[in-house]
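Presented below is the structure to which this report refers.
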Amino acid sequence: MNRMRIKIPESWRIPEQEVTPEDIYVRRREFLSTSLKLGSAAMAAFYGFSPSTKGWSAEFESSNPSPSAITAEIIASRFNNFYEFGVEKERIWKLARKLQTHGWQIEVDGLVKNPQTLDVETWVRKFPQEERVYRLRCVEAWSVVIPWTGFPLRLLIDKLEPLSSARYIKFTTFLDPVIAPGQKKRFWEPWPYTEGLRLDEARHDLAFMATGIYGHPLPGQHGAPIRLVVPWKYGFKSIKSIARIEFTREEPETFYMSLSPLEYDFDANVRPDVPYARWHQAFERIPGKEETVKTLPFNGYANQVAGLYS
Amino acid sequence: MGMKKTFTAFILLAFLANNAEPSDEALIPAGEFLMGTDQGTPAERPIHKVELGGFFLDRFEVSNQNYEAFDPGFHRSSASSCDRCPATRVSWYEAQAYCQSLNRRLPSEAEWEKARRGPAENPSASRPQETARTSLPIKAGAFAVDSPPANGYGIHHLAGNVWEWVNDWHDESYYRTSPAENPLGPLKGLRKSVRGGSWYNNVWYTQPGMRFQLAPHVKLNSLGFRCARSANGSNN
(Lines give C-alpha, C1' and ligand atoms only; values in the text may rest on other atoms or scores of the structure.)
Protein backbone atom coordinates (compact mmCIF):
# COMPACT_ATOMS: atom_id res chain seq x y z
CA MET A 1 0.00 0.00 0.00
CA ASN A 2 1.39 3.32 -1.02
CA ARG A 3 1.35 6.09 1.46
CA MET A 4 1.33 9.69 0.43
CA ARG A 5 3.95 11.73 2.23
CA ILE A 6 2.80 15.16 3.27
CA LYS A 7 5.60 17.49 4.31
CA ILE A 8 4.54 19.87 7.02
CA PRO A 9 6.97 22.76 7.22
CA GLU A 10 8.46 23.46 10.62
CA SER A 11 6.80 26.34 12.37
CA TRP A 12 10.02 28.31 12.63
CA ARG A 13 10.69 28.56 8.92
CA ILE A 14 10.57 32.12 7.63
CA PRO A 15 7.71 32.07 5.08
CA GLU A 16 9.07 32.86 1.66
CA GLN A 17 5.70 33.77 0.21
CA GLU A 18 5.50 36.81 2.44
CA VAL A 19 7.21 39.15 0.06
CA THR A 20 9.65 37.22 -2.06
CA PRO A 21 9.31 38.03 -5.76
CA GLU A 22 9.84 34.99 -7.94
CA ASP A 23 12.81 36.41 -9.81
CA ILE A 24 14.67 37.03 -6.58
CA TYR A 25 13.87 33.55 -5.40
CA VAL A 26 15.07 31.98 -8.64
CA ARG A 27 18.22 34.02 -8.76
CA ARG A 28 19.04 33.09 -5.19
CA ARG A 29 18.67 29.41 -5.95
CA GLU A 30 21.07 29.91 -8.84
CA PHE A 31 23.42 31.78 -6.59
CA LEU A 32 23.40 29.09 -3.93
CA SER A 33 23.86 26.41 -6.52
CA THR A 34 26.82 28.26 -7.99
CA SER A 35 28.29 28.79 -4.56
CA LEU A 36 28.16 25.10 -3.85
CA LYS A 37 29.77 24.20 -7.15
CA LEU A 38 32.48 26.81 -6.75
CA GLY A 39 32.97 26.39 -3.05
CA SER A 40 36.54 27.26 -3.75
CA ALA A 41 39.24 29.78 -4.26
CA ALA A 42 37.19 32.46 -5.99
CA MET A 43 34.44 32.39 -3.40
CA ALA A 44 36.96 32.03 -0.65
CA ALA A 45 38.87 35.07 -1.74
CA PHE A 46 35.73 37.12 -2.22
CA TYR A 47 34.12 36.35 1.09
CA GLY A 48 37.27 36.31 3.08
CA PHE A 49 37.82 32.80 4.26
CA SER A 50 41.28 31.42 4.40
CA PRO A 51 42.50 29.73 1.22
CA SER A 52 43.67 26.91 3.45
CA THR A 53 40.15 26.34 4.73
CA LYS A 54 38.96 22.89 3.76
CA GLY A 55 35.26 23.05 4.13
CA TRP A 56 32.58 20.56 3.35
CA SER A 57 29.58 21.44 1.29
CA ALA A 58 26.09 20.40 2.15
CA GLU A 59 23.19 19.20 0.09
CA PHE A 60 20.38 21.69 0.32
CA GLU A 61 16.84 20.70 1.01
CA SER A 62 14.99 21.54 -2.16
CA SER A 63 11.96 22.53 -0.13
CA ASN A 64 13.84 25.06 1.88
CA PRO A 65 12.40 28.51 1.34
CA SER A 66 14.35 31.51 0.29
CA PRO A 67 12.96 34.62 1.94
CA SER A 68 13.68 37.98 0.45
CA ALA A 69 14.51 39.10 3.94
CA ILE A 70 17.85 37.35 3.72
CA THR A 71 20.63 39.81 4.32
CA ALA A 72 22.91 40.32 1.35
CA GLU A 73 26.03 38.28 1.92
CA ILE A 74 28.28 41.21 1.17
CA ILE A 75 26.75 42.93 4.21
CA ALA A 76 26.59 39.94 6.55
CA SER A 77 30.16 39.01 5.72
CA ARG A 78 31.65 42.45 6.27
CA PHE A 79 29.91 43.54 9.45
CA ASN A 80 30.96 41.13 12.16
CA ASN A 81 31.68 40.85 15.83
CA PHE A 82 34.62 38.59 16.52
CA TYR A 83 36.60 40.36 19.22
CA GLU A 84 39.34 37.78 19.04
CA PHE A 85 40.39 39.57 15.87
CA GLY A 86 39.57 43.15 16.81
CA VAL A 87 36.74 45.53 17.59
CA GLU A 88 36.17 47.13 14.19
CA LYS A 89 33.26 45.24 12.66
CA GLU A 90 34.16 46.28 9.14
CA ARG A 91 37.68 44.82 9.34
CA ILE A 92 37.01 41.41 10.87
CA TRP A 93 36.51 39.66 7.53
CA LYS A 94 40.07 40.54 6.58
CA LEU A 95 41.69 39.90 9.95
CA ALA A 96 39.96 36.55 10.42
CA ARG A 97 41.57 35.18 7.27
CA LYS A 98 44.44 34.13 9.49
CA LEU A 99 42.27 31.52 11.15
CA GLN A 100 43.58 28.15 10.00
CA THR A 101 40.87 25.53 10.14
CA HIS A 102 42.44 22.58 8.37
CA GLY A 103 42.50 19.61 10.75
CA TRP A 104 40.35 21.45 13.30
CA GLN A 105 39.58 19.39 16.38
CA ILE A 106 37.12 19.67 19.23
CA GLU A 107 37.96 18.37 22.69
CA VAL A 108 34.97 16.72 24.35
CA ASP A 109 35.12 16.20 28.09
CA GLY A 110 33.32 16.61 31.39
CA LEU A 111 30.25 14.53 32.21
CA VAL A 112 30.26 12.44 29.07
CA LYS A 113 30.49 8.71 28.44
CA ASN A 114 33.60 8.92 26.27
CA PRO A 115 35.82 11.97 26.56
CA GLN A 116 37.44 12.27 23.15
CA THR A 117 38.90 14.51 20.50
CA LEU A 118 36.71 15.00 17.45
CA ASP A 119 38.14 15.60 14.03
CA VAL A 120 35.54 18.07 12.81
CA GLU A 121 35.76 17.25 9.13
CA THR A 122 35.18 13.57 9.84
CA TRP A 123 32.45 14.11 12.37
CA VAL A 124 30.42 16.56 10.34
CA ARG A 125 29.99 13.89 7.69
CA LYS A 126 28.15 11.75 10.23
CA PHE A 127 25.17 14.10 10.15
CA PRO A 128 22.76 14.94 7.34
CA GLN A 129 23.36 18.55 6.40
CA GLU A 130 20.47 20.95 6.07
CA GLU A 131 19.88 24.62 5.50
CA ARG A 132 18.25 26.85 8.10
CA VAL A 133 17.31 30.45 7.44
CA TYR A 134 17.41 32.17 10.81
CA ARG A 135 17.11 35.66 12.13
CA LEU A 136 20.18 36.57 14.16
CA ARG A 137 19.63 39.35 16.71
CA CYS A 138 22.70 41.02 18.16
CA VAL A 139 22.53 42.43 21.67
CA GLU A 140 23.79 45.67 20.13
CA ALA A 141 20.29 46.06 18.66
CA TRP A 142 20.89 45.11 15.04
CA SER A 143 19.82 42.01 13.18
CA VAL A 144 20.44 40.00 10.04
CA VAL A 145 18.77 37.03 8.35
CA ILE A 146 21.21 34.33 7.39
CA PRO A 147 21.02 30.99 5.57
CA TRP A 148 23.11 28.55 7.58
CA THR A 149 24.12 25.04 6.63
CA GLY A 150 24.75 22.40 9.28
CA PHE A 151 22.92 20.03 11.57
CA PRO A 152 20.87 20.16 14.79
CA LEU A 153 23.03 20.30 17.92
CA ARG A 154 20.97 17.54 19.53
CA LEU A 155 22.28 15.04 16.96
CA LEU A 156 25.82 15.75 18.11
CA ILE A 157 24.82 15.59 21.77
CA ASP A 158 23.16 12.22 21.24
CA LYS A 159 26.33 10.86 19.63
CA LEU A 160 28.49 12.16 22.46
CA GLU A 161 26.29 10.55 25.14
CA PRO A 162 26.44 12.91 28.12
CA LEU A 163 25.95 11.31 31.51
CA SER A 164 22.59 11.63 33.21
CA SER A 165 24.16 13.98 35.74
CA ALA A 166 24.99 16.52 33.01
CA ARG A 167 22.68 19.53 33.00
CA TYR A 168 24.62 22.04 30.92
CA ILE A 169 26.80 22.12 27.85
CA LYS A 170 29.74 24.51 27.75
CA PHE A 171 31.46 25.63 24.55
CA THR A 172 34.93 27.13 24.29
CA THR A 173 36.47 28.72 21.25
CA PHE A 174 40.15 28.61 20.24
CA LEU A 175 42.98 30.38 22.03
CA ASP A 176 45.69 31.67 19.74
CA PRO A 177 46.69 35.26 20.51
CA VAL A 178 49.37 35.05 17.83
CA ILE A 179 46.81 34.94 15.01
CA ALA A 180 43.97 36.58 16.93
CA PRO A 181 45.37 39.95 18.03
CA GLY A 182 42.30 40.80 20.08
CA GLN A 183 43.20 38.02 22.48
CA LYS A 184 46.50 39.76 23.11
CA LYS A 185 45.48 43.39 22.95
CA ARG A 186 42.58 42.83 25.35
CA PHE A 187 44.71 40.58 27.51
CA TRP A 188 42.76 41.28 30.69
CA GLU A 189 39.68 39.57 29.32
CA PRO A 190 39.15 35.89 30.15
CA TRP A 191 40.10 34.34 26.82
CA PRO A 192 39.27 31.96 25.29
CA TYR A 193 35.63 32.89 24.74
CA THR A 194 33.14 30.60 26.42
CA GLU A 195 29.38 30.14 26.25
CA GLY A 196 26.85 27.61 27.40
CA LEU A 197 23.31 26.31 27.26
CA ARG A 198 21.08 24.26 29.46
CA LEU A 199 20.94 20.78 28.02
CA ASP A 200 17.21 21.05 27.32
CA GLU A 201 17.88 24.23 25.34
CA ALA A 202 20.72 22.55 23.52
CA ARG A 203 18.49 19.64 22.55
CA HIS A 204 15.80 21.94 21.13
CA ASP A 205 15.40 21.49 17.40
CA LEU A 206 16.25 25.13 16.70
CA ALA A 207 19.70 24.89 18.31
CA PHE A 208 21.99 24.40 15.35
CA MET A 209 25.62 23.64 14.61
CA ALA A 210 26.56 25.59 11.50
CA THR A 211 29.39 24.60 9.20
CA GLY A 212 28.32 26.67 6.22
CA ILE A 213 26.71 29.95 5.30
CA TYR A 214 25.22 31.21 2.03
CA GLY A 215 25.97 27.84 0.52
CA HIS A 216 29.68 27.62 1.22
CA PRO A 217 31.84 26.72 4.20
CA LEU A 218 31.94 29.21 7.03
CA PRO A 219 34.58 31.84 6.45
CA GLY A 220 36.72 32.97 9.37
CA GLN A 221 34.63 35.98 10.33
CA HIS A 222 31.53 33.82 10.73
CA GLY A 223 33.24 31.31 13.01
CA ALA A 224 34.92 28.73 10.80
CA PRO A 225 34.90 25.81 10.76
CA ILE A 226 32.01 25.15 13.11
CA ARG A 227 29.85 27.33 15.33
CA LEU A 228 26.68 27.38 17.33
CA VAL A 229 23.52 29.18 16.18
CA VAL A 230 20.80 29.72 18.78
CA PRO A 231 18.35 32.05 17.06
CA TRP A 232 16.12 32.90 20.03
CA LYS A 233 19.02 34.24 22.08
CA TYR A 234 21.22 37.27 21.58
CA GLY A 235 23.98 36.65 19.08
CA PHE A 236 26.82 36.44 21.57
CA LYS A 237 25.41 33.08 22.73
CA SER A 238 26.10 31.68 19.25
CA ILE A 239 29.78 31.00 19.90
CA LYS A 240 32.12 30.80 16.93
CA SER A 241 35.00 28.46 16.04
CA ILE A 242 34.27 25.89 18.72
CA ALA A 243 37.33 24.07 20.03
CA ARG A 244 35.98 22.41 23.16
CA ILE A 245 32.67 21.00 24.36
CA GLU A 246 32.22 20.16 28.03
CA PHE A 247 29.20 18.72 29.80
CA THR A 248 28.72 20.03 33.33
CA ARG A 249 26.43 19.68 36.29
CA GLU A 250 26.70 23.35 37.27
CA GLU A 251 25.92 26.37 35.16
CA PRO A 252 29.20 27.21 33.42
CA GLU A 253 30.84 30.59 33.79
CA THR A 254 30.67 32.32 30.43
CA PHE A 255 32.90 35.02 28.98
CA TYR A 256 30.48 37.92 29.29
CA MET A 257 29.04 36.83 32.61
CA SER A 258 32.60 36.76 33.94
CA LEU A 259 33.39 40.20 32.62
CA SER A 260 30.15 41.92 33.43
CA PRO A 261 27.83 39.84 35.62
CA LEU A 262 25.49 42.75 36.26
CA GLU A 263 24.87 43.24 32.54
CA TYR A 264 24.75 39.71 31.16
CA ASP A 265 22.84 36.66 32.31
CA PHE A 266 23.14 33.06 31.28
CA ASP A 267 19.78 32.84 29.47
CA ALA A 268 20.28 35.90 27.24
CA ASN A 269 16.96 35.30 25.53
CA VAL A 270 15.83 38.08 23.20
CA ARG A 271 13.35 40.13 25.23
CA PRO A 272 12.26 43.45 23.74
CA ASP A 273 10.65 44.47 27.03
CA VAL A 274 13.88 44.22 29.02
CA PRO A 275 16.76 46.67 28.40
CA TYR A 276 19.86 44.55 28.36
CA ALA A 277 23.57 45.13 28.50
CA ARG A 278 23.67 48.85 27.70
CA TRP A 279 21.21 48.66 24.80
CA HIS A 280 17.45 49.14 24.75
CA GLN A 281 16.09 46.06 23.09
CA ALA A 282 12.64 47.13 21.82
CA PHE A 283 13.88 47.87 18.28
CA GLU A 284 16.63 46.69 15.98
CA ARG A 285 18.50 48.18 13.05
CA ILE A 286 18.90 46.34 9.78
CA PRO A 287 22.44 46.76 8.44
CA GLY A 288 22.46 48.01 4.88
CA LYS A 289 19.01 49.52 5.22
CA GLU A 290 17.81 52.74 6.76
CA GLU A 291 15.29 50.73 8.64
CA THR A 292 14.45 50.02 12.23
CA VAL A 293 11.98 47.32 13.13
CA LYS A 294 10.37 46.11 16.33
CA THR A 295 12.14 43.31 18.10
CA LEU A 296 10.01 40.25 18.77
CA PRO A 297 10.07 38.15 21.94
CA PHE A 298 12.55 35.31 21.54
CA ASN A 299 13.53 36.95 18.26
CA GLY A 300 10.30 35.73 16.68
CA TYR A 301 10.68 32.13 17.81
CA ALA A 302 8.44 32.35 20.88
CA ASN A 303 5.99 29.74 19.59
CA GLN A 304 8.80 27.23 19.41
CA VAL A 305 10.84 27.96 22.52
CA ALA A 306 8.77 29.86 25.09
CA GLY A 307 7.81 26.52 26.62
CA LEU A 308 11.40 26.00 27.67
CA TYR A 309 11.01 28.85 30.13
CA SER A 310 7.49 28.41 31.44
CA MET B 1 89.73 34.66 75.14
CA GLY B 2 89.41 37.00 72.14
CA MET B 3 89.37 34.00 69.79
CA LYS B 4 86.58 32.45 71.83
CA LYS B 5 84.43 35.63 71.57
CA THR B 6 84.98 35.81 67.83
CA PHE B 7 84.03 32.17 67.43
CA THR B 8 80.87 32.65 69.53
CA ALA B 9 79.87 35.68 67.47
CA PHE B 10 80.41 33.70 64.26
CA ILE B 11 78.22 30.85 65.54
CA LEU B 12 75.54 33.34 66.59
CA LEU B 13 75.57 35.04 63.20
CA ALA B 14 75.40 31.70 61.42
CA PHE B 15 72.44 30.69 63.60
CA LEU B 16 70.62 33.92 62.88
CA ALA B 17 71.33 33.64 59.20
CA ASN B 18 69.85 30.16 59.09
CA ASN B 19 66.80 30.93 61.18
CA ALA B 20 65.89 34.49 60.28
CA GLU B 21 62.71 35.15 58.35
CA PRO B 22 63.53 35.42 54.68
CA SER B 23 63.92 38.97 53.49
CA ASP B 24 61.02 40.55 51.64
CA GLU B 25 63.42 41.10 48.77
CA ALA B 26 65.27 38.62 46.61
CA LEU B 27 68.71 39.36 45.21
CA ILE B 28 68.98 38.66 41.51
CA PRO B 29 72.70 38.48 40.83
CA ALA B 30 74.32 40.28 37.93
CA GLY B 31 74.56 38.28 34.76
CA GLU B 32 73.10 37.63 31.37
CA PHE B 33 69.99 35.86 30.21
CA LEU B 34 68.01 35.33 27.03
CA MET B 35 65.08 37.73 26.77
CA GLY B 36 62.04 37.24 24.54
CA THR B 37 60.29 34.22 23.10
CA ASP B 38 59.47 32.88 19.68
CA GLN B 39 56.18 31.48 21.01
CA GLY B 40 54.55 34.89 20.90
CA THR B 41 54.02 37.77 18.51
CA PRO B 42 56.63 40.02 16.83
CA ALA B 43 56.66 42.12 20.03
CA GLU B 44 58.49 39.29 21.81
CA ARG B 45 61.05 38.75 19.06
CA PRO B 46 63.89 38.35 18.51
CA ILE B 47 65.17 36.37 21.45
CA HIS B 48 68.26 38.30 22.45
CA LYS B 49 70.99 38.24 25.07
CA VAL B 50 70.69 40.82 27.85
CA GLU B 51 73.25 41.63 30.55
CA LEU B 52 71.90 43.07 33.79
CA GLY B 53 73.54 44.40 36.91
CA GLY B 54 72.47 42.86 40.19
CA PHE B 55 69.18 44.04 41.65
CA PHE B 56 66.74 43.33 44.43
CA LEU B 57 63.12 42.53 43.61
CA ASP B 58 60.26 42.32 46.09
CA ARG B 59 59.38 38.71 46.78
CA PHE B 60 55.73 39.71 46.99
CA GLU B 61 53.36 41.91 45.07
CA VAL B 62 52.52 45.02 47.09
CA SER B 63 49.63 44.16 49.39
CA ASN B 64 46.53 46.20 50.24
CA GLN B 65 47.83 46.58 53.78
CA ASN B 66 51.16 48.00 52.65
CA TYR B 67 49.62 50.23 50.00
CA GLU B 68 47.14 51.70 52.50
CA ALA B 69 50.04 52.80 54.68
CA PHE B 70 51.08 54.92 51.69
CA ASP B 71 47.57 55.95 50.61
CA PRO B 72 45.04 55.72 53.47
CA GLY B 73 42.22 56.67 51.09
CA PHE B 74 42.85 53.68 48.86
CA HIS B 75 39.77 51.64 47.93
CA ARG B 76 40.47 47.94 47.68
CA SER B 77 39.21 46.06 44.66
CA SER B 78 36.41 43.65 45.47
CA ALA B 79 38.34 41.06 43.44
CA SER B 80 41.41 41.45 45.67
CA SER B 81 40.15 42.60 49.03
CA CYS B 82 41.96 40.77 51.84
CA ASP B 83 44.73 42.53 53.80
CA ARG B 84 47.46 40.42 52.22
CA CYS B 85 45.87 40.40 48.77
CA PRO B 86 47.65 42.45 46.13
CA ALA B 87 46.79 46.12 45.80
CA THR B 88 45.10 46.38 42.41
CA ARG B 89 43.27 49.14 40.58
CA VAL B 90 46.48 51.14 40.90
CA SER B 91 47.71 53.19 37.93
CA TRP B 92 51.32 53.07 36.76
CA TYR B 93 51.80 56.59 38.17
CA GLU B 94 50.53 55.51 41.59
CA ALA B 95 52.64 52.37 41.54
CA GLN B 96 55.73 54.38 40.68
CA ALA B 97 54.96 56.91 43.45
CA TYR B 98 54.57 54.11 46.00
CA CYS B 99 57.94 52.60 45.12
CA GLN B 100 59.63 55.99 45.14
CA SER B 101 58.23 56.66 48.61
CA LEU B 102 60.31 53.69 49.76
CA ASN B 103 63.36 54.87 47.84
CA ARG B 104 62.81 52.13 45.31
CA ARG B 105 61.39 51.92 41.79
CA LEU B 106 59.39 49.69 39.50
CA PRO B 107 61.49 46.91 37.90
CA SER B 108 62.58 47.35 34.33
CA GLU B 109 60.96 44.97 31.88
CA ALA B 110 64.27 43.12 31.52
CA GLU B 111 64.67 42.79 35.29
CA TRP B 112 61.14 41.47 35.62
CA GLU B 113 61.69 38.87 32.92
CA LYS B 114 65.02 37.74 34.31
CA ALA B 115 63.45 37.25 37.74
CA ARG B 116 60.48 35.46 36.20
CA ARG B 117 62.75 33.01 34.40
CA GLY B 118 64.35 31.96 37.64
CA PRO B 119 67.98 31.23 38.56
CA ALA B 120 70.15 30.52 35.55
CA GLU B 121 71.47 27.31 37.06
CA ASN B 122 67.97 26.01 37.60
CA PRO B 123 65.46 27.94 35.52
CA SER B 124 62.74 25.41 36.01
CA ALA B 125 63.03 25.96 39.74
CA SER B 126 60.18 28.29 39.15
CA ARG B 127 58.02 25.65 40.79
CA PRO B 128 55.68 23.59 38.69
CA GLN B 129 53.64 25.77 36.39
CA GLU B 130 50.48 23.95 37.34
CA THR B 131 50.55 25.42 40.82
CA ALA B 132 50.56 28.99 39.52
CA ARG B 133 47.42 30.98 40.28
CA THR B 134 46.10 31.02 36.76
CA SER B 135 43.27 29.68 34.58
CA LEU B 136 40.82 30.04 37.46
CA PRO B 137 37.31 31.51 37.37
CA ILE B 138 37.19 35.29 37.66
CA LYS B 139 35.05 34.98 40.75
CA ALA B 140 37.90 33.15 42.54
CA GLY B 141 39.61 36.52 43.00
CA ALA B 142 43.27 37.25 43.74
CA PHE B 143 45.30 35.31 46.30
CA ALA B 144 47.42 36.58 49.20
CA VAL B 145 50.76 37.88 47.97
CA ASP B 146 52.71 35.49 50.22
CA SER B 147 50.74 32.40 49.25
CA PRO B 148 52.44 29.73 47.12
CA PRO B 149 53.96 29.28 44.65
CA ALA B 150 57.37 30.94 44.68
CA ASN B 151 60.03 30.48 42.03
CA GLY B 152 63.68 29.53 42.42
CA TYR B 153 64.54 33.00 43.67
CA GLY B 154 61.83 32.73 46.32
CA ILE B 155 59.67 35.28 44.47
CA HIS B 156 55.93 34.69 44.60
CA HIS B 157 53.39 34.99 41.80
CA LEU B 158 55.51 36.25 38.96
CA ALA B 159 53.29 33.89 36.97
CA GLY B 160 49.61 34.48 37.61
CA ASN B 161 47.73 35.99 40.56
CA VAL B 162 47.74 39.58 39.21
CA TRP B 163 49.33 41.38 36.29
CA GLU B 164 52.23 43.63 37.23
CA TRP B 165 53.31 47.02 35.98
CA VAL B 166 56.95 47.36 34.98
CA ASN B 167 58.77 50.63 34.49
CA ASP B 168 59.34 50.57 30.71
CA TRP B 169 57.38 52.28 27.99
CA HIS B 170 56.18 49.68 25.53
CA ASP B 171 57.36 49.53 21.95
CA GLU B 172 56.58 46.42 19.92
CA SER B 173 59.80 46.76 17.93
CA TYR B 174 62.03 47.59 20.90
CA TYR B 175 63.82 44.24 20.99
CA ARG B 176 65.24 44.87 17.53
CA THR B 177 67.22 47.86 18.73
CA SER B 178 67.43 47.56 22.51
CA PRO B 179 70.85 47.80 24.18
CA ALA B 180 72.43 44.57 25.31
CA GLU B 181 73.26 45.96 28.76
CA ASN B 182 70.66 47.09 31.25
CA PRO B 183 67.91 48.02 28.78
CA LEU B 184 65.44 50.48 30.27
CA GLY B 185 62.87 50.61 27.49
CA PRO B 186 62.13 53.40 25.01
CA LEU B 187 62.57 56.97 26.23
CA LYS B 188 58.92 57.74 25.63
CA GLY B 189 55.72 56.09 24.61
CA LEU B 190 51.97 55.94 25.08
CA ARG B 191 51.70 52.69 26.97
CA LYS B 192 53.61 50.90 29.69
CA SER B 193 54.47 47.23 29.65
CA VAL B 194 52.67 44.84 31.96
CA ARG B 195 53.66 41.27 32.65
CA GLY B 196 52.76 37.99 34.25
CA GLY B 197 49.07 37.19 33.77
CA SER B 198 46.38 36.98 36.39
CA TRP B 199 44.44 34.32 38.26
CA TYR B 200 41.86 34.02 35.50
CA ASN B 201 44.10 34.20 32.45
CA ASN B 202 45.01 31.14 30.48
CA VAL B 203 48.54 29.86 31.09
CA TRP B 204 49.59 31.22 27.67
CA TYR B 205 49.55 34.71 29.17
CA THR B 206 51.84 33.77 32.06
CA GLN B 207 54.76 32.56 29.96
CA PRO B 208 57.98 34.36 30.91
CA GLY B 209 58.60 36.18 27.65
CA MET B 210 55.09 37.43 26.90
CA ARG B 211 54.69 41.20 26.71
CA PHE B 212 51.49 43.24 27.11
CA GLN B 213 50.75 46.93 27.24
CA LEU B 214 48.40 49.43 28.82
CA ALA B 215 48.08 53.20 29.04
CA PRO B 216 49.68 54.25 32.35
CA HIS B 217 46.51 55.76 33.79
CA VAL B 218 44.52 52.52 33.43
CA LYS B 219 43.45 50.64 36.55
CA LEU B 220 42.36 47.01 36.48
CA ASN B 221 41.05 44.72 39.18
CA SER B 222 43.67 42.21 38.10
CA LEU B 223 46.68 44.57 37.84
CA GLY B 224 49.12 45.25 40.68
CA PHE B 225 52.86 45.74 41.01
CA ARG B 226 56.01 45.11 43.03
CA CYS B 227 59.12 47.25 43.59
CA ALA B 228 62.81 46.83 42.86
CA ARG B 229 66.13 48.50 43.59
CA SER B 230 69.58 48.18 42.16
CA ALA B 231 72.11 46.15 44.13
CA ASN B 232 74.74 48.86 43.76
CA GLY B 233 72.72 51.14 46.00
CA SER B 234 71.44 53.49 43.33
CA ASN B 235 67.77 53.95 42.73
CA ASN B 236 68.18 53.51 39.01
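Net charge in the neighbourhood of A:PRO261 (other residues with Cβ under 13 Å of its Cβ; Lys, Arg +1, Asp, Glu -1) is -3. Considering only protein heavy atoms and a 1.4 Å probe, what is the carbon-and-sulfur percentage of the accessible area of chain B? Heavy-atom surface of chain B belonging to carbon and sulfur, 1.4 Å probe: 56 percent.
Under the shape rule built on the C-alpha gyration tensor, where the axes satisfy a ≥ b ≥ c, region A:195-310 is rounded, since a/c falls short of 1.5. Using 0.36 nm per residue and subtracting the Cα-Cα separation, the extra length available between B:LYS139 and B:GLN39 on full extension is 33.1 nm.
Summing +1 for each Lys or Arg and -1 for each Asp or Glu among the other residues whose beta-carbon sits under 9 angstrom from that of A:VAL112 gives -2.
Ranking A:GLU140, B:GLU51, A:GLU250 from most to least accessible surface, computed with a 1.4 Å probe over the protein chains only, gives A:GLU250, B:GLU51, A:GLU140.
Note on B:CYS82 and B:THR131: with the Förster distance fixed at 30 Å, the Cβ-Cβ geometry gives a FRET efficiency of about 0.95. On the beta carbon distance between A:ASP200 and A:LYS113, with R0 = 25 Å, the FRET formula returns roughly 0.85. Net charge dipole, region B:22-230: roughly 380 debye, given to the nearest 20, about the Cα centre with Cβ charges of +1 for Lys and Arg and -1 for Asp and Glu.
Computed from Cα atoms alone, the Kirkwood hydrodynamic radius reported for region B:70-184 is 15.9 Å. Based on the reciprocal of the average 1/r between different C-alpha atoms, the Kirkwood radius for region B:22-230 equals 16.7 Å.
Computed on the Cα trace of region B:126-236, the radius of gyration divided by the Kirkwood hydrodynamic radius gives Rg/Rh = 0.98. The candidates A:HIS204, B:HIS75, arranged from most to least accessible area with a 1.4 Å probe in the full protein assembly, appear as B:HIS75, A:HIS204.
The C-alpha atoms of chain B define a longest principal axis, and helix B:2-19 lies at about 30 degrees to it. Each Lys or Arg adds one and each Asp or Glu takes one away; over the other residues whose Cβ falls under 14 Å from the Cβ of B:ARG89, this sums to -3.
Rolling a 1.4 Å probe over the protein chains gives B:ASP58 an accessible area of about 10 Å².
Surface burial for A against B, with a 1.4 Å probe and both sides summed, reaches about 1400 Å² of accessible area. Inter-chain neighbour count for A:179-191: the average number of beta-carbon atoms from partner chains within 10 Å of each residue's beta-carbon is 5. Accessible surface for chain B, divided over its residues, is 48 Å² per residue with a 1.4 Å probe. At the residue level, B:ASP171 shows approximately 60 square angstrom of accessible surface with a 1.4 angstrom probe and all protein chains present. The 1.4 Å probe gives accessible areas that order A:VAL87, A:VAL270, largest first, as A:VAL87, A:VAL270. In terms of distances greater than 22 angstrom between alpha carbons, the cross-link table entries A:LYS89/A:LYS184; A:LYS98/B:LYS192; A:LYS98/A:LYS185; A:LYS94/A:LYS294; A:LYS94/A:LYS170; A:LYS185/A:LYS240 yield A:LYS98/B:LYS192; A:LYS94/A:LYS294; A:LYS94/A:LYS170.
The values are calculated or read from the model by the stated rules, or taken from the named source; none is laboratory data. In this text the structure is predicted, and so the values were computed from the model without any measurement. Positions of Cβ are generated from backbone atoms using ideal geometry, with glycine treated the same way; all protein chains shown enter the neighbour counts. When the accessible area is computed, the model is the full protein with side chains, heavy atoms only, and any ligands, DNA or RNA have been set aside. Shrake-Rupley method; radii C 1.70, N 1.55, O 1.52, S 1.80 Å.
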